[in-house]
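The values are calculated or read from the model by the stated rules, or taken from the named source; none is laboratory data. Keep in mind it's a predicted model, so treat the numbers as computed, not measured. We place every Cβ from the backbone using ideal geometry, glycine too, and count neighbours over all the protein chains shown.
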Amino acid sequence: MKNRWMVYLPLLAGCSAFEQQQATLDELGRDVQLIHDQLESTQASMDALSDFQTDQKNAIALQIGQLSMMVSGLPDIVDAACERPAPSPVPVPVPVPECESNSTIRTVIIGDDKILVGALERIWVDPPGMTMVARIDTGAQSSSLSAENLVEFERDGDDWVRFDVVVKEQSTTLEREVVRYVRVVQQADPEGSRRLVVSIRLLLGNVQGSFDFTLADRSHLEYQSILGRNFLTDIALIDVGRQFVQPAFEPGN
């Protein structure tokens with residue numbers, strides 16, 4: 001009996017080794033399947049990422065196209081929003097008649113009853129009843145008058161201002177009702193400054209009447225007054241190459 005088991009022992013050992021090998025193969029098969037599943041999952045993620053990147057590229061390209069259209073249309077939008085100033089009328093040169101005598105004053109007029117003015121003109125301001133030199137400035141919306149020692153006060157519930165006008169070292173104190181307040185923006189003052197506006201009577205050529213002037217201390221500037229578009233529009237044509245086209249007003253003549 002002992003000899004018989006001795007014969008079967010090798011066979012039993014072989015079966016055990018085969019079972020171990022089979023188990024190892026099964027485990028390797030599961031590992032291979034797991035790796036295969038992971039590879040498929042990774043490939044699917046990569047495909048999804050590629051689709052997402054493609055969608056993002058298409059969306060960005062669409063946005064770039066829309067922005068390009070908006071940028072190309074900006075000049076038209078700016079032109080529509082910003083009103084361009086009308087060009088100044090081109091004056092027609094005409095001969096300037098000379099004064100026959102000191103007691104005779106002639107006004108130079110050009111077409112449609114508009115007066116011709118140069119870059120500088122002598123204006124008569126009343127009060128104080130004095131002649132001062134005014135610079136013609138088509139770039140300024142409002143006319144301006146040099147005023148010193150401004151003092152605001154109230155009279156009968158209205159805003160008034162007291163100020164000094166100095167012409168040839170002669171100072172005259174005036175009081176005027178404030179018509180309104182404006183903010184004037186200049187290159188040296190980009191934030192702008194608050195100015196008083198008053199009505200001043202002036203004469204220039206055959207034009208006389210009361211016109212709105214902003215008040216500002218112009219004592220440090222060369223000219224005491226500026227005539228802006230609020231005075232020039234529909235009244236005058238400008239020849240910037242000339243000065244003092246209109247004769248100075250002389251009271252009593």
Counting only residues that are at pLDDT below 90 and buried (at least 20 other Cβ atoms within 10 Å of the Cβ), how many does the range 174-206 have?
1
Considering only residues that are out of contact with any strand residue (DSSP E or B) (no Cβ under 7 Å at 6 or more places or on another chain) and among the basic types (K, R), look in the range 121-170 and name the one that is surrounded by the most Cβ atoms within 10 Å (Cβ to Cβ).
R155
On the basis of being hydroxyl-bearing (S, T, Y), at pLDDT 60 or above and more than 30 Å from P251 (Cβ to Cβ), does S88 make the cut?
no
With the structure loaded, tell me whether A13 is in a helix (DSSP H, G or I), at pLDDT below 65, exposed (fewer than 10 other Cβ atoms within 10 Å of the Cβ) and not assigned by TED's automatic domain parsing to the domain that holds T138 or whether it fails that test.
no
Restricted to the range 207-253 and to residues being without any contact (Cβ under 8 Å) to a residue 12 or more places away in the chain and over 24 Å from F163 (Cα atoms), the residue farthest from the chain's Cα centre (by Cα) is G252
Residues in the range 196-238 that are of a type in the set (D, E) and on the phi > 0 side of the Ramachandran plot: how many?
1
Residues G241, G252: which one is at pLDDT 85 or above, assigned to a loop (DSSP other than H, G, I, E, B), exposed (fewer than 11 other Cβ atoms within 10 Å of the Cβ) and not acidic (D, E)?
G241
Scan the range 132-158 residue by residue and report those that are among the aliphatic types (A, V, I, L, M) and assigned to a strand (DSSP E or B).
M132, V133, A134, I136, L145, L150, V151
Residue count, the range 212-224, condition modelled with pLDDT of 90 or more and either outside any strand (DSSP E or B) or crowded, with 21+ Cβ neighbours inside 10 Å (or both), comes to 3
